[in-house]
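Accompanying notes for the structure given below.
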Amino acid sequence: MSWILLALAIVTEVMGTIALKTSDGFTNLGSSAMVITAYSASIVLLGLCLKGIDIGVAYAIWAGAGTALIAVAGLFLFNESMTPLKLVSITLIIVGVIGLNLANGSNAA
């Protein structure tokens, strides 16, 4: 269940960040409300998942996966550029998240 909560924390964090981009400096009321709601939900979910996941692992996965997903969202939703260095960097984040999952799994046994 902790891993599901972490996944939901990541999704809500990404939703909040996308809303932050569309809030136009907090002048768009709907997007601004979504930022506050989504970030609040993300923090609560992150806190709940810590009952079953080490804080270092959970936070690194939350931050890393969120960063990678936002970079991809920026590419598709906001036509942001994708350079070879950005692509390699996103790949390294994903590899790091996988490595943390594998390391955490070996500690659970």
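The values are calculated or read from the model by the stated rules, or taken from the named source; none is laboratory data. Here the structure is a predicted model, which means the values were calculated and not measured. Virtual Cβ from ideal backbone geometry, glycine too; neighbours counted across all protein chains shown.
Can you pull out every residue in the range 51-109 that is modelled with pLDDT of 90 or more, more than 22 Å from Asp24 (Cα to Cα) and among the polar types (S, T, N, Q)?
Thr83, Ser89, Thr91
Among the numbered criteria (1) modelled with pLDDT of 95 or more; (2) crowded, with 17+ Cβ neighbours inside 10 Å; (3) within 21 Å of Met1 (Cβ to Cβ); (4) aliphatic (A, V, I, L, M), which one does Val44 miss?
(2)
Could you say whether any residue in the range 62-82 is touching a residue at least 24 places away in the same chain (Cβ under 8 Å), surrounded by 11 or more Cβ atoms within 10 Å (Cβ to Cβ) and among the charged types (D, E, K, R)?
The answer is no, given that none of the residues of the range 62-82 is touching a residue at least 24 places away in the same chain (Cβ under 8 Å), surrounded by 11 or more Cβ atoms within 10 Å (Cβ to Cβ) and among the charged types (D, E, K, R).
If you scan the range 2-51, which residues turn out to be among the hydroxyl-bearing types (Ser, Thr, Tyr) and over 14 Å from the mean Cα position of the chain (by Cα)?
Here is the first cut: in the range 2-51, the ones among the hydroxyl-bearing types (Ser, Thr, Tyr) are 2, 12, 17, 22-23, 27, 31-32, 37, 39-40, 42.
Once the filter is applied, which keeps residues that are among the hydroxyl-bearing types (Ser, Thr, Tyr) and over 14 Å from the mean Cα position of the chain (by Cα), the range 2-51 yields Ser2, Thr22, Ser23, Thr27, Ser31, Ser32, Thr37.
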